[in-house]
1. Just to be sure I understand the curve: with the Debye formula and one point per C-alpha of segment 1-137, what is log10 I(q)/I(0) at q = 0.21 Å⁻¹?
2. Per DSSP H run of n ≥ 4, the term is -39500 (n - 2.57); total these for the chain, divide by its residue number, and report the mean residue ellipticity at 222 nm rounded to 500 deg cm²/dmol.
3. Rounded to whole Å, give me the distance from the Cα center of segment 167-181 to that of segment 77-152.
4. Full-extension gain between residue 127 and residue 251, please, as 0.36 nm times their residue separation minus the C-alpha to C-alpha distance.
5. Go ahead and set up a Gaussian network model of the chain, Cα springs under 10 Å, then flag whichever of 253, 328, 150 fluctuates most.
6. How much length, in nm to one decimal, is gained on full extension between residue 46 and residue 260, taken as 0.36 nm per residue of separation minus their Cα-Cα distance?
7. Could you tell me how many degrees, from 0 to 90 and to the nearest 10, lie between the Cα long axis of helix 3-14 and the main elongation axis, the longest principal axis, of the Cα atoms of the chain?
8. Using only the Cα atoms of the chain, what semi-axes does the equivalent ellipsoid have when each is the square root of 5 times a gyration tensor eigenvalue? Give whole Å, largest first.
Amino acid sequence: MTGDVACAEGALAAGCLFFGGYPITPATEVAERMSHRLPEIGGTYIQMEDEIAAMASIVGASCAGAKSMTSTSGPGFSLMMENLGLAVITETPCVVVNVQRAGPSTGLPTQGAQGDMMQARWGSHGDYEIIAMAPASAQEIFYQTIDAFNLAEKYRTPVLIMTDEVIGHMSERVVIPDAREIKTIERVKAKGRKDRYRPYAAGDLGVPPMANAGDGYKVHVTGLTHDEMGYPAMTVEAQAAMMERLMGKIQNNRDDIIRYEEFMIEDADYIIVTYGVSARTGRAAVEEARAQGIKVGMLRLITVWPFAEEKIRDLASKVKGMVTVEINLGQVHLEVERCVAGRVPVKLVGHPGGTLISPDTVIHTIKQEFGV
């Protein structure tokens, strides 16, 4: 199946019961699959009037107790940013899939890129933390979608799946396991006396238990700075307290959230840092470089945000140079440079989208820039 279809099937396996979306290339197939499959399992599919409404709908569905998801691409992702911030501040679990294409604006709708990675981190306004994942195959997007729902429910936060046109439209073999083998996490629900419930008081991991609309708990939901009861609190102190917990529930649990793959890094002199579809280029480049006698390894970022800062700093102390491979003009590369902090040279292999990066280009850069 294609990556888009595998993404939809992963959502269903995770327990998704609501999809609100708007068709946009190259993400439309996610919505199409959900429109067929959700009614079969008692779920709800709604095609909204635009991506602003689509994001609002999944926030509302989640507040009512349903695991919810939407999918989009560049221009639609831009429209979702305000309501993404609303999901962050109201701590509403949901999953947003961005099947990236080359931009800006309409760009190249039918061709892939990875140019929305900084938008994923900082697209909405204000300070906040976000979880964003980057699958490298149709099989992986199936499992990552399940993982995304689990992280969303565990930490009461929106989670982004930053895939791309190539993964979305590529047909590959996908193994779907028996339902009993799939582990899902359910949100921690409010319990106890309803008159003592504080909707935004920190529980385990800094995450408040969540009451579903209609359960009988009084919950005030607002995008304003609020106190533990959810009521607007227009003070510097309230803002500081709210933000400390919102940021802390992600920052303090980085070891549980961050995922990455190491490939032949044990004796590597040079490290490729990459993610998503570009990791396929990276792996091929490592294998070819090794065949030529050049000790190259790869760090594949599975979770791009939060960023694997500690791992990259550690690697920078052990190698002669690093190369970032991504289909943009250096968005994640800037983060790699920041973490390396001048310990070793860091070079970018990237372009603004429309095609994959050649493994030969990566090897040529290593040879030329590091004098191998």
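Derivation of every value follows stated rules applied to the coordinates shown; laboratory data play no part. These figures come from a predicted structure and were not determined experimentally. Reconstructed Cβ throughout: ideal geometry from the backbone, glycine too, with neighbour counts over all protein chains shown.
1. Evaluating at q = 0.21 Å⁻¹ gives log10 I(q)/I(0) of -1.36.
2. -12000 deg cm²/dmol
3. 21 Å
4. Taking 0.36 nm per residue and subtracting the Cα distance, the gain is 43.4 nm.
5. With Cα springs under 10 Å in the chain, the top fluctuation among 253, 328, 150 is at 253.
6. Length gained between residue 46 and residue 260: 73.6 nm.
7. That helix lies at roughly 40 degrees to the long axis.
8. On the way: eigenvalues 259, 114, 64 Å².
Ellipsoid half-lengths, sorted descending, are 36, 24, 18 Å.
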